[in-house]
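The values are calculated or read from the model by the stated rules, or taken from the named source; none is laboratory data. Remember, it's a predicted structure, so these values are computed and weren't measured experimentally. Here the Cβ is made from the backbone with ideal geometry for all residues, glycine too, and neighbour counts use every protein chain on show.
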Amino acid sequence: MAEFSLDLNEDQQQIQKWVHDFAEQVVRPVGPEWDQKEETPWPVIEEAAKIGLYSWEFVAQCFSDPTGLLFPVVSEELCWGDAGIALSIFGSTLGAAGIAGNGTPEQIAEWVPQCFGTPDDIHLASFAVTEPGAGSDVSSLRTNAKKDGDDWVINGQKTFITNGGLLDRPNVHVVVASVDPELGSRGHASFVVPPGTPGLTGGKKEKKMGIRASHTGEVLLDDVRVPSACLLGGEEKLEGRLARAREGKSSKVQAAMSTFETTRPVVGAQALGIARAAYEFSLDYAKEREQFGRRIIENQGIAFKLADMKMELDAARLLVWRAAWMGATKKPFENGEGSMSKLKAGEVAVWVTEQAIQILGGYGYIRDFPVEQWHRDSKIYTLFEGTSEIQRLVVSRAISGMHIE
């Protein structure tokens, strides 16, 4: 078991620098352009694929790090460059995580590489859970899958899906559907919908406040037929789980939640990258900007604000790293530590970017300076993969042992 340490090892430090250099030299210079375009930054993804950053091998290396810290470190650095572009590069990881968290070894070996493709043939992946009437309440999913001979037929509508319905490249959709509505979230299963499957189409592309370089859209499923081999985990495992649920016995895994549990600290690390970018920029600005004959950082009102920004940033990182280490070393999240990390980091990102705007004053509000975009980008981290309220619900249930509504 890897012992917890705040010192990154040599390999982690080298990868951290490698990703930071890519973020600094390739991502950040074009971030405002792709934010303005609100389009998938294919040239940047192609560059990431050429160097191996966009690849299933690199994602596997991150997830297999025994300390659990490598993926949070990588995520923070890339989002320091630009969160929207970072999500375009790592958006496929959520679909891959859905496969890895629920699939058999054979399914993982077959489908995870197809989530990324190769530098010459880039693929995508998406993880489709949220619906128009089922966001935080995943038990209300209406998308259904019914057995028909040796196949499953899926019907429904998904919304707010990263890479969802984006069909100009091969796109592996992982869809969570209800197979037994009476069991609520315990009656869900995950399915791989291969690229080009008839009946799966893209609907509305969302116009967003932030992370605009990352595609978010609807996924429409109209009699989408997939073979039983695309049921993640297989028929026998599903039947066993459903039987236990019908008998009122506990189930260790739910199709959607097993994916979110593994990704929340990484999502928190993404928020940290935005917050750190805003803190560093406003610190440099405060040391250079002069008002009333002296640099503004010499005023306690500014200096103390920056001190609090740094403190909150470091506190959030400690929670993220602890949760990532616990996940990698199979420590149980007895107090909702995974949710704590995402909750704290998301709210810190919103607060730090707002303080950065305040430090810059009017300059912080205009597009000539990047802090207004960082503030827009940060807000999603209190909403997706579980709102701040849902994270508090998870933590409060964990610490009380009671079912809090």
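Annotations for the structure displayed:
- Residues that are over 16 Å from PHE333 (Cα atoms), touching an Asp or Glu at 6+ places or on another chain (Cβ under 7 Å) and surrounded by 15 or more Cβ atoms within 10 Å (Cβ to Cβ) within the range 357-405 comprise ILE357, GLY364, GLN373, HIS375, THR382, SER388, listed in sequence order.
- Verdict on PRO66 being in a loop (DSSP other than H, G, I, E, B) and closer than 30 Å to LEU8 by Cβ: yes
- Options PHE127, PHE90; residue that is buried (at least 23 other Cβ atoms within 10 Å of the Cβ), within 17 Å of the chain's Cα centre (by Cα) and within 17 Å of PHE63 (Cα to Cα): PHE90
- Filter result (charged (D, E, K, R), without any contact (Cβ under 8 Å) to a residue 60 or more places away in the chain and either more than 22 Å from GLN36 (Cα to Cα) or not assigned by TED's automatic domain parsing to the domain that holds GLN291 (or both)) within the range 362-405: ARG392, GLU405
- Test: residue in the range 357-373 that is assigned to a helix (DSSP H, G or I), at pLDDT 95 or above and under 21 Å from the mean Cα position of the chain (by Cα): yes
- Among the residues making up the range 1-21, those that are outside any loop (DSSP other than H, G, I, E, B) and touching a helix residue (DSSP H, G or I) at 6+ places or on another chain (Cβ under 7 Å) are GLN12, ILE15, GLN16, VAL19, HIS20.
- Residue match in the range 333-343 (condition: on the phi > 0 side of the Ramachandran plot, modelled with pLDDT under 95 and of a type outside the set (Gly, Ala, Ser)): no
- Number of the exception - PRO105 against (1) in contact (Cβ under 8 Å) with a residue 12 or more places away in the chain; (2) surrounded by fewer than 24 Cβ atoms within 10 Å (Cβ to Cβ): (1)
- Residue pairs meeting the criteria (Cβ under 8 Å; at least 6 apart or on separate chains; first free of Cβ contacts under 8 Å to residues at least 40 places away in the same chain, in the range 328-341; second outside any loop (DSSP other than H, G, I, E, B)): LYS331/TRP325; PRO332/MET326; GLU337/LEU319; GLU337/ARG322; GLU337/ALA323; GLU337/MET326
- Counting only helices (runs of 4 or more DSSP H) that fall entirely inside the range 70-164 and contain at least 2 residues that are under 19 Å from GLU385 (Cα atoms), the qualifying elements are 70-81, 83-102.
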